[in-house]
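Encoded as structure tokens, the structure appears first; notes follow it.
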Amino acid sequence: DSGVTQTPKHLITATGQRVTLRCSPRSGDLSVYWYQQSLDQGLQFLIQYYNGEERAKGNILERFSAQQFPDLHSELNLSSLELGDSALYFCASSVGQGPYNEQFFGPGTRLTVL
Amino acid sequence: DQQVKQNSPSLSVQEGRISILNCDYTNSMFDYFLWYKKYPAEGPTFLISISSIKDKNEDGRFTVFLNKSAKHLSLHIVPSQPGDSAVYFCAASARSSGSARQLTFGSGTQLTVLP
């Protein structure tokens with residue numbers, strides 16, 4: 001158990017809909033990262049927050065947005081969903097900002113868009 | 001454009017033998033490399049890392065080798081154990097302004113250690 005929690009574990013929805021994925025980082029961790037893993041692909045970095053502020057952005061679609069709240073939990077919002085958005089979405093957390101701070105991953109949310 | 005490539009989707013090894021997982025990268029700005037292990041239904045777990053100022057880092061049964069001129073790194077597991085069966089991801093990070101960095105992952109290699 002990494003100490004990072006993600007809810008829900010599974011999510012099935014239809015095209016055009018909007019969903020929110022939630023992540024609670026490990027106690028004491030200030031950084032939260034979001035990754036997308038599509039079928040047979042590596043993890044694609046989406047976005048990073050540190051202590052409530054956006055710090056790095058990857059290939060995140062404009063239909064996707066995220067935020068980190070004062071209690072440090074984070075939400076990833078996916079809107080106007082398309083079939084290709086079906087994937088595993090991982091959240092990770094670390095104490096600091098850079099990769100020298102080990103990232104601890106949650107178990108992921110499996111999103112299926114029908 | 002895949003900047004981090006793991007060309008072998010799968011690898012099978014006998015228990016007790018050496019497992020060698022390979023990773024190639026194209027971005028010469030990468031200066032920090034990591035290996036993660038992932039079991040089904042779990043998130044990736046950090047295994048071992050190496051900075052570009054080194055060419056080898058060892059941690060127990062796990063050793064990572066970095067060949068900067070070839071832009072290649074490898075993970076050696078000796079001896080391999082059935083519990084090592086998992087998907088192994090190579091990841092890299094690049095120098096950039098500021099302290100925030102992102103990890104670029106390869107597509108993973110499924111290692112199966114046969115008893």
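Restricting to the range B:41-58, name every residue that is within 14 Å of chain A (Cβ to nearest Cβ), touching a residue at least 12 places away in the same chain (Cβ under 8 Å) and not hydrophobic (A, V, I, L, M, F, W, C). Once the filter is applied, which keeps residues that are within 14 Å of chain A (Cβ to nearest Cβ), touching a residue at least 12 places away in the same chain (Cβ under 8 Å) and not hydrophobic (A, V, I, L, M, F, W, C), the range B:41-58 yields B:P44, B:S49, B:S51, B:S52, B:K54.
Could you please let me know if B:A100 is modelled with pLDDT under 95, crowded, with 21+ Cβ neighbours inside 10 Å and either out of contact with any Leu (no Cβ under 8 Å at 6 or more places or on another chain) or in a strand (DSSP E or B) (or both)? Against the criterion (modelled with pLDDT under 95, crowded, with 21+ Cβ neighbours inside 10 Å and either out of contact with any Leu (no Cβ under 8 Å at 6 or more places or on another chain) or in a strand (DSSP E or B) (or both)), B:A100 does not qualify. Considering every residue within the range B:23-36, establish whether at least one is over 12 Å from B:A92 (Cα atoms) and within 10 Å of the chain's Cα centre (by Cα). No, every residue in the range B:23-36 fails to be over 12 Å from B:A92 (Cα atoms) and within 10 Å of the chain's Cα centre (by Cα).
Considering the range A:12-59, and only residues there that are among the aliphatic types (A, V, I, L, M) and surrounded by fewer than 17 Cβ atoms within 10 Å (Cβ to Cβ), the residue that is farthest from the other protein chains (Cβ to nearest Cβ) turns out to be A:A14. Against the definition (at pLDDT 95 or above, under 23 Å from B:K5 (Cβ atoms), out of contact with any helix residue (DSSP H, G or I) (no Cβ under 8 Å at 6 or more places or on another chain) and more than 12 Å from chain B (Cβ to nearest Cβ)), how does A:A87 come out, yes or no? The answer is yes for A:A87. Residue under question is B:S69, and the condition is that it be over 28 Å from A:R55 (Cα atoms), in a loop (DSSP other than H, G, I, E, B), small (G, A, S) and without any contact (Cβ under 8 Å) to a residue 12 or more places away in the chain; does it hold? Yes: the conditions hold for B:S69. Of the residues making up the range B:29-71, those that are closer than 20 Å to A:Q36 by Cβ and of a type in the set (S, T, N, Q) number 1.
Taken over the range A:66-114, the criterion of being polar (S, T, N, Q), assigned to a loop (DSSP other than H, G, I, E, B), in contact with a strand residue (DSSP E or B) (Cβ under 9 Å, 6 or more places away or on another chain) and farther than 23 Å from B:P40 by Cα is satisfied by A:S79, A:Q97, A:N101.
Working carefully through the options B:S80, B:S8, find the one that is crowded, with 18+ Cβ neighbours inside 10 Å and not in a strand (DSSP E or B). The conditions single out B:S80. Checking the stated criteria, A:A92 turns out to be surrounded by 14 or more Cβ atoms within 10 Å (Cβ to Cβ) and in contact with a Gly (Cβ under 9 Å, 6 or more places away or on another chain). Among all residues of the range B:70-77, there is none that is crowded, with 17+ Cβ neighbours inside 10 Å and within 12 Å of another protein chain (Cβ to nearest Cβ). Within the range A:17-49, the set of residues being within 14 Å of A:S86 (Cβ to Cβ) and modelled with pLDDT of 95 or more comprises A:Q17, A:V19, A:L21, A:Q36.
The values are calculated or read from the model by the stated rules, or taken from the named source; none is laboratory data. Remember, predicted model here, so these are calculated numbers, not experimental data. Positions of Cβ are backbone-derived with ideal geometry, glycine not excepted, and every protein chain shown enters the neighbour counts.
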